[in-house]
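Single-structure report; data block below.
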Amino acid sequence: MGIAALLLAAAATAGEIPTPELEVWVSRYVAGASATLRENAGCLRDDQERWVKAREACGDDECRRNAAIDRLAELHALQPGINLKRDLRLPARPALVWAISPAADPELRPSATSRARRVEGRLVYPGDGGYFIEAGPGERYFVIGELGLDGVDAMILPTIIKVNSDARMSATGRVVDARPPLFDRRYCIFLHRLP
């Protein structure tokens, strides 16, 4: 048996790990993602509360196991190297690559009505004032403007664009119907890389 075959045989699939151990790893991954997100960690905290409620609604161990596996796959991209469980093979799921906190500046917060929305496309920076999700020809959603960039967002978003230039992405948050439609900065915005 070759080395590659031995390594493949030794690698655990998430389905082979007991649910309580998976849940310990979810806690570690949440802590790792929170450290990566820095000042945006509050968004993840709120999202984790939503996830815990959904997991607690599970009626059996298989449902809880699947919830834990999905959460690990979602948070895997935000892990610092020391926190990665490298031998764990996770299923292809949307990977959270960033979260953007609500704007602190009231001038950046629209007073219009918004609705929950997930938009898929390419995350682009066309050089005209901010970052957009390009959902199709002539269909762009304004995610965050240059004026709203500060702290770690100002450093990370250009890297996310570069690393994911060919990737299909999604932005999830609340969208104000405007021209172009824009994500409501009164709420968190989550950016995922799609499988």
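Applying 1/(1 + (r/R0)^6) with r as the Cβ-Cβ distance of Asp46 and Leu108 and R0 = 22 angstrom yields a FRET efficiency of 0.70. Label-to-label distance, Ala116 versus Ala31, with points set 7 angstrom from Cα along the beta-carbon direction: 3.0 nm.
Think of each Lys and Arg Cβ as +1 and each Asp and Glu Cβ as -1; about the Cα centre, that makes the dipole of the chain roughly 140 debye.
On the beta carbon distance between Tyr125 and Glu16, with R0 = 30 Å, the FRET formula returns roughly 0.10. Ordering 64-74, 81-91, 18-28 by mean Cβ neighbour count within 10 Å, with the highest value first, yields 64-74, 18-28, 81-91. For the range 57-114, a Kirkwood radius taken over Cα pairs fed into Stokes-Einstein (37 °C, viscosity 0.692 mPa s) yields D = 226 µm²/s. The helix-only estimate of mean residue ellipticity at 222 nm for the chain, built from DSSP H runs of length n ≥ 4 each weighted as -39500 (n - 2.57), is -12000 deg cm²/dmol after division by the residue total.
Taking Cα atoms only, the orientation of helix 61-75 departs from the longest principal axis of the chain by about 50 degrees. In plain terms, if you count all Cα to Cα distances in the range 146-195 and split them into 5 Å steps from zero, the share in each step is 5, 16, 21, 29, 21, 8, 0 percent. For a label point 7 Å from the Cα of Asp177 along Cα→C-beta, name the residues of the range 101-130 whose backbone N is under 20 Å from it. Hits in the range 101-130 for Asp177 at 20 Å: 110-120. Across the options Trp25, Val176, Trp98, the greatest Cα extent toward the positive end of the charge dipole of the chain (unit charges at beta carbon of Lys, Arg, Asp, Glu) belongs to Val176. The alpha carbon radius of gyration of the range 3-91, expressed as a multiple of 2.2 N^0.38 Å, is 1.14.
Packing around the peptides 107-118, 130-141, 30-41, taken as the average count of other Cβ atoms within 10 Å per residue, puts them in this order, highest first: 30-41, 130-141, 107-118. Over the chain, the pair-distance histogram of Cα-Cα distances with 5 Å bins from zero comes to 1, 7, 14, 18, 18, 14, 11, 8, 5, 2, 1, 0, 0 percent, rounded to whole numbers. Note: relative contact order over the chain, using C-alpha pairs below 8 Å and six or more positions apart, is 22 percent. Computed from label points 7 Å out along Cα-Cβ, the spacing between Arg186 and Glu39 is 2.2 nm.
Where a number appears in this text, it was derived from the coordinates with a stated rule and is not lab data. Worth saying up front: this structure is predicted, and the values here are computed from it rather than measured. Note that each Cβ is placed from the backbone with ideal geometry, even for glycine, and that neighbours are counted across all protein chains shown.
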